[in-house]
Amino acid sequence: MEKTVTFYINRTTPAKLEEELVICKPLKRLTISVDVEKEEHTLMGYLVVRDEKNRIRIQKMLGYGERTIVIARHAKNTTIGGVPGPIGAGTWKIVIYLFAEYIEQTLEGVSLPFRIQISDRKTEIQETIGKCLWVDRHYREQLWLGYYNKSSFYSSRGRWYKGDFHTHTHLSDGKESVSSAMRKARMMDLDFYVPTEHNVIPTGWEDDYMLILPGVEITTKIGHCNLIGIDKMPERLPEIMEYADTPEVEEYLYEILREAKKREWIISINHPFLTIWKWKYGEVGLDDITCLEIINDPTYTDARESNDQAIRYLDFLWEDGHRIWGIGGSDSHNLIEERYKGSDKPSIAGDPGTYVFCPSLTPELLLKHVKQGNIYVSRFCTADVRITSQSKSFFPGDRMEDVERKIMMEIEIFGNELEEGITPVIWIVQNEKRIKLTTEKTKKGYRAVGEVHFLKGKWNWARLEARTADGEFLLYSNPVWQGAKRNRFRTYREALEAFHAN
């Protein structure tokens, strides 16, 4: 079987293009080759293939990955991002979702031929799903990750586990393969990794010792957010792909966030103040947000200011009584080794690490302790955080019993950059008040200790922060807290307007 489908794309082309493919008899495989005349045009949108039962069989951003995609009966013969299974007789659909903004900016006065060649020929696959298939074979129209095991056991130790909550590969606009991403993760001593492709659900992952937690980055013109710990494709994701650049996207983003809250997925607002991708959907309820990405360091001129503004905004929300956790993510698209030439430790976008304390490591426990805020975020360093009160020990994010109390907050920071003469400046931030601590040199790093008081019946919170002498970010530790406060602000927009006016 062979067929060529040609779409002519210009500035008047609709955002969704669809072509039917009739398969007369069952096949061993379906081989799809994408042909576009210029390399830069591979980033024009998404490719989705639906089978004779209208089930998604592959969903992929037309990015930097391989141009030939194979769907077959077994995962070892199916391109990553696909769903293995029978290639049944009937009417299949080839769907292209275009980026309207990209077409508007790129294809002025031209019509671009975009060809898709479809056959049942056997071909070599650069990157297959591998052994870890997540999609239940009995899924309905949307992808269900029924084979993902949330109870898989990775470690029995109670400790801080390091991971990356915001990543990209060839499945969307990343420039590295999954195997390359895993090599990077091992070199950076990560314990867990969250694939968050732009509007693309991973259908499986290569077999690895590392905990891989399914996620997706919902990407629209009004903001990006990660859904972490997903067990299925969000119902409205196809509409997000089709209407991402239109006013209608607000309705579909609202429905996705409603679904995420109902299914208890983590909702993390990404790079909320980064100029070109700032969060603009103000109607999201603050009680619906689990995390705010405070450290995301792509190479943009306003990256530092946007990160610092995110930290200040998060403190503002805490002072209003909202419990939203600070989180980090590399937003990595490409392995950058030049920054550490001669070293065995490559860096991704400034090496932001998010550390989660877990009594042992399983996907279920990781999700639980992220939701509890047992997190600190750092760059170029690690830390030992010790919080004690009334002979009890606490972790960042912990709730304390509502009594009058003294709290001892101690931190010791370690890192190669600190050994090069960078002395950290360390603060306790209590109810937005900054208390600078005395920092002392230790054998391994730098240490600081401070004491704060919480009053019974009052809203109290306190966290730790470290920076270099010139203000570069080193560490953010989520607050411990007690009491309650009646919130002034209900939505993201209400709080943001007050924050800017403050």
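The values are calculated or read from the model by the stated rules, or taken from the named source; none is laboratory data. It should be emphasised that the depicted structure is a prediction, and the values quoted were computed from it without experimental measurement. Backbone-built Cβ (ideal geometry, glycine too); neighbour counts: all protein chains shown. These accessible areas exclude ligands, DNA and RNA; they are computed on the full protein's heavy atoms, side chains included. Shrake-Rupley method; radii C 1.70, N 1.55, O 1.52, S 1.80 Å.
Percent of Cα-Cα pairs per 5 Å bin, from 0 to the last occupied bin, for segment 373-502, please list those. Reading the bins upward from 0: 2, 10, 19, 20, 18, 13, 11, 5, 2, 0. Projecting the Cα atoms of LEU112, SER151, GLY204 onto the dipole axis of segment 96-231, where Lys and Arg carry +1 and Asp and Glu carry -1 at the beta carbon, places SER151 farthest toward the positive end. When the P(r) is computed for segment 438-502, the part past 18 Å accounts for 62% of the Cα-Cα pairs. Pairs of Cα atoms in segment 94-155 fall into 10 Å distance bins, from 0 up to the last occupied one, in shares of 13, 24, 30, 23, 9, 1 percent. Taken about its Cα centre, the chain carries a charge dipole of roughly 1520 debye when the Cβ of each Lys and Arg holds +1 and the Cβ of each Asp and Glu holds -1.
When segment 361-502 is described by a simple charge dipole with +1 on each Lys and Arg Cβ and -1 on each Asp and Glu Cβ, the residue from ALA383, PHE489, ALA469 located farthest towards its positive end is PHE489. Taking all protein chains together and a 1.4 Å probe, the residues GLU401, GLU19 rank GLU401, GLU19 from largest to smallest accessible area.
Once the convex hull of all Cα atoms in the chain is built, its volume per residue stands at 151 Å³. To the nearest 10, the accessible area of SER111 is 60 Å² with a 1.4 Å probe. Stretched out straight at 0.36 nm per residue, the stretch from LYS28 to ARG159 would grow longer than its current Cα-Cα span by 42.4 nm.
Treating each Cα of segment 1-123 as one equal point scatterer and applying the Debye formula with no solvent, the log10 of I(q)/I(0) at q = 0.15 Å⁻¹ comes out as -0.66. A Cβ-based charge dipole, computed about the Cα centre of segment 34-149 with Lys and Arg at +1 and Asp and Glu at -1, lands at about 780 debye. Loop-located GluC sites (Glu not before Pro) in segment 75-144 (DSSP state other than H, G, I, E, B) with a sparse environment of at most 14 neighbouring Cβ atoms within 10 Å: GLU108, GLU124, GLU141. Rolling a 1.4 angstrom probe over the protein heavy atoms with all chains in place gives segment 114-232 an accessible area of 37 Å² per residue.
The alpha-carbon of LYS441 sits under 20 angstrom from the alpha-carbons of these aspartates and glutamates, leaving out residues fewer than 8 places away in its chain: ASP384, GLU410, GLU412, GLU417, GLU419, GLU420, GLU451, GLU465, ASP470, GLU472. With 29 Å as the limit on Cα-Cα distance, the pairs of LYS368/LYS436; LYS3/LYS60; LYS175/LYS443; LYS28/LYS131; LYS184/LYS433; LYS28/LYS262 that go past it are LYS368/LYS436; LYS175/LYS443; LYS184/LYS433; LYS28/LYS262.
How long are the three semi-axes of the equivalent ellipsoid for segment 122-229, computed from the Cα gyration tensor as the root of 5 times each eigenvalue, in whole Å, largest first? Largest first, segment 122-229 gives 21, 18, 17 Å. Distance from the alpha carbon centroid of segment 222-259 to that of segment 444-502 works out to 30 angstrom.
In segment 204-325, with Lys and Arg counted as +1 and Asp and Glu as -1 at Cβ, which of these residues, ILE218, THR290, LEU237, has the Cα nearest the positive end of the dipole, that is, farthest along it? The residue sitting most towards the positive pole is THR290. Going by accessible surface with a 1.4 Å probe and the largest first, ARG236, ARG486 read ARG486, ARG236. Sites listed here are chymotrypsin sites (Phe, Trp or Tyr not before Pro) in segment 229-321 whose DSSP assignment is loop and whose Cβ has at most 15 other Cβ atoms within 10 Å: TYR300. You can think of it this way: the chain between LYS371 and TYR209 has 55.9 nm of extra reach, that is 0.36 nm per residue less the Cα-Cα gap.
GLU404 to GLU251: FRET efficiency via 1/(1 + (r/R0)^6), r the Cβ-Cβ distance, R0 41 Å, to the nearest 0.05?
That pair, GLU404 with GLU251, gives E of 0.30.
Residue pairs exceeding 21 angstrom between C-alpha atoms, taken from LYS406/LYS458; LYS406/LYS456; LYS76/LYS162: LYS76/LYS162. Between LYS262 and ASP35, the modelled labels are 4.5 nm apart [label points 7 Å from Cα along Cα→Cβ]. Here the spin labels are modelled as points 7 Å beyond Cα on the Cα-Cβ line, and at ARG55 and ASP189 they lie 4.4 nm apart. Each Cα pair under 8 Å and six or more residues apart adds its separation to the average, and for segment 170-261 the resulting relative contact order is 20 percent.
Suppose R0 equals 30 Å. What FRET efficiency, 1/(1 + (r/R0)^6) with r the Cβ-Cβ distance, do SER119 and ASN10 give to the nearest 0.05? My answer for the efficiency is 0.60.
Given a 1.4 angstrom probe, I'd like the percentage of the accessible area of the chain that is carbon and sulfur, rounded to a whole number. Walk me through the numbers on the way to the answer.
Numbers: 9800 of 21280 Å².
Here carbon and sulfur together make up 46 percent of the probe-accessible area.
Computed with a 1.4 Å probe over protein heavy atoms only, the accessible area of ASP245 comes to about 50 Å².
Shown is the FRET efficiency for LYS444 and ILE276, computed with R0 = 41 Å from the Cβ-Cβ distance and rounded to the nearest 0.05: 0.55.
Multiply the residue separation of MET1 and ASN431 by 0.36 nm, subtract the distance between their alpha-carbon atoms, and state the gained length in nm to one decimal.
Stretched out fully, the MET1 to ASN431 stretch lengthens by 148.1 nm.
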